[in-house]
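Take a look at the structure below.
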Amino acid sequence: MKRILTTALMAAAMLVANADTTLPLRGHVYSPSDPHIQYVGRISFLNPERPQFNYPGTQVNVAFEGTSLRMLCKPKSGYWMAQIDEAEPFKVAFTGRRDSVVTLCTALPQGRHTARLMYIIEGWDLKPEFHGFVTDGRLVEPPTLPSKKIEFIGNSITCGYGNEAMLPTDRYSYETQNHYLSYAQIAARQLDAVAYIVARSGIGVYRNYNGPRTGTPDNRIDMQYEYTLYAEKSAFRREGGAMNERWDFSRFQPDIVCINLGTNDLSTNNYDTRLLKQGYQKLLRMVRQHNPKAKIVFLTGTMLQKKELGICRQLLDEVADEARQAGDAAVYRFDMTPQGSLGYGADWHPSYEQHKKMADELSAYLRTLL
């Protein structure tokens with residue numbers, strides 16, 4: 001990440017991270033439907049003035065001519081990483097019951113500036129919404145997105161679960177999850193690519209964490225992949241609205257799809273390798289159906305060890321080999337180094353240092369495909 005070039009601009013940015021609920025909204029208010037606002041990720045626009053999302057990695061980007069910018073969200077929407085121009089990114093929070101406005105920058109030099117916002121937690125229970133921007137200037141054409149496109153399908157590792165925690169005995173919290181610092185987003189930045197994320201902690205290919213041997217019946221990744229938003233149970237689909245919205249795959253056709261799943265299927269000694277392989281094959285067919293031109297890469301995560309790691313690698317090798325033999329030449333395999341030497345995040349998940357190592361390994365491999 002490039003650091004800001006002048007101390008004057010750094011001081012002017014004032015990187016404020018606390019919600020700003022009492023100040024009046026002085027300036028021009030721009031609604032979420034303004035064409036100058038740029039979106040990245042699976043976002044529901046059924047209500048264009050209150051777009052909804054809940055996957056980490058969702059982005060809202062904007063360029064403006066002025067000296068200040070505020071962001072509006074539904075209270076208790078959670079945490080974002082913000083980057084103003086090329087300054088160091090910083091975290092902002094919508095965590096209080098009345099937190100609806102956050103000052104992103106103020107007293108900037110007059111001129112054109114950019115603001116990039118990334119949602120960095122799993123928001124399925126918070127039901128976050130973006131409500132717009134306020135600036136003393138005006139919005140202009142947003143920054144151009146990278147031409148390379150990658151989709152990441154995964155579990156807690158891809159989400160960045162606990163990667164800002166200090167000890168492996170720490171439990172999960174929103175405060176220590178930072179998807180911006182996950183291997184997926186670090187690798188995307190290294191490759192100058194835009195990333196879409198379909199990931200949820202605890203989810204599996206056929207069996208979620210500590211699920212029954214026969215499989216999790218109503219909440220696997222294949223039951224989520226075709227929807228815009230993540231819903232905890234299929235029963236939520238009956239709510240209608242955004243929770244029932246099918247994803248329009250024409251909105252994002254990736255060059256590469258990285259699938260990092262299997263850790264939860266093999267997490268406890270109650271799994272069926274035959275059903276897991278069938279789950280991988282089913283997921284591959286689904287991903288290929290919706291992304292006919294993409295290169296699909298099956299990854300092994302870093303949390304599996306010994307026996308289970310061997311099982312995961314063998315099954316993925318078989319699935320990839322059989323797919324190629326059946327005529328799909330664009331299915332690949334890559335193994336990242338298991339964790340252990342670089343510390344741990346919460347609940348023994350990868351640390352930030354481990355995520356950086358994963359990103360270095362993965363981006364070097366993906367360059368050969370791109």
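The values are calculated or read from the model by the stated rules, or taken from the named source; none is laboratory data. What you see is a predicted model; the values in this text were computed from it and never measured. Using ideal geometry, Cβ is built from the backbone for each residue, glycine included, and neighbour counts are taken over all protein chains shown. Calculation scope for accessible area: heavy atoms of the full protein, side chains included, ligands and nucleic acids excluded. Shrake-Rupley method; radii C 1.70, N 1.55, O 1.52, S 1.80 Å.
Here are some notes:
- Among the residues making up the stretch 273-294, those that are in contact (Cβ under 8 Å) with a residue 60 or more places away in the chain, of a type outside the set (A, V, I, L, M) and surrounded by fewer than 22 Cβ atoms within 10 Å (Cβ to Cβ) are Gln278, Lys282, His290, Asn291.
- Search result, residues across the stretch 174-200 that are among the hydroxyl-bearing types (Ser, Thr, Tyr) and either part of a helix (DSSP H, G or I) or farther than 21 Å from Val92 by Cβ (or both): Tyr174, Thr176, Tyr180, Tyr183, Tyr196
- Condition met for Pro142 (over 17 Å from the mean Cα position of the chain (by Cα), open to solvent by 20 Å² or more (accessible area, probe 1.4 Å) and closer than 23 Å to Gln52 by Cβ): yes
- Restricting Asp328, Asp317 to those that are among the acidic types (Asp, Glu) and touching a helix residue (DSSP H, G or I) at 6+ places or on another chain (Cβ under 7 Å) reduces the list to Asp328.
- Here Ala242 meets the list (1) buried (at least 22 other Cβ atoms within 10 Å of the Cβ); (2) modelled with pLDDT of 95 or more; (3) outside any loop (DSSP other than H, G, I, E, B) almost entirely, failing just condition (2).
- Of all residues in the stretch 262-272, those satisfying the criterion of being out of contact with any helix residue (DSSP H, G or I) (no Cβ under 6 Å at 6 or more places or on another chain) and either at pLDDT 95 or above or in a helix (DSSP H, G or I) (or both) are Thr263, Asn264, Tyr271, Asp272.
- Residues (more than 19 Å from Met81 (Cβ to Cβ) and either among the small types (Gly, Ala, Ser) or open to solvent by 30 Å² or more (accessible area, probe 1.4 Å) (or both)) located in the stretch 169-214: Thr169, Asp170, Arg171, Arg200, Gly202, Gly204, Tyr209, Asn210, Gly211, Pro212, Arg213, Thr214
Matching residues to (1) more than 21 Å from Ile311 (Cα to Cα); (2) at pLDDT below 95; (3) part of a loop (DSSP other than H, G, I, E, B):
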position	(1), (2), (3)
Arg207	no, no, yes
Arg213	no, no, yes
Ala231	yes, yes, yes
Arg237	yes, yes, no
Leu275	no, no, no
Gly279	no, no, no
Arg288	yes, no, no
Lys293	yes, no, yes
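- Condition met for Lys76 (assigned to a loop (DSSP other than H, G, I, E, B) and either modelled with pLDDT under 95 or aromatic (Phe, Trp, Tyr) (or both)): no
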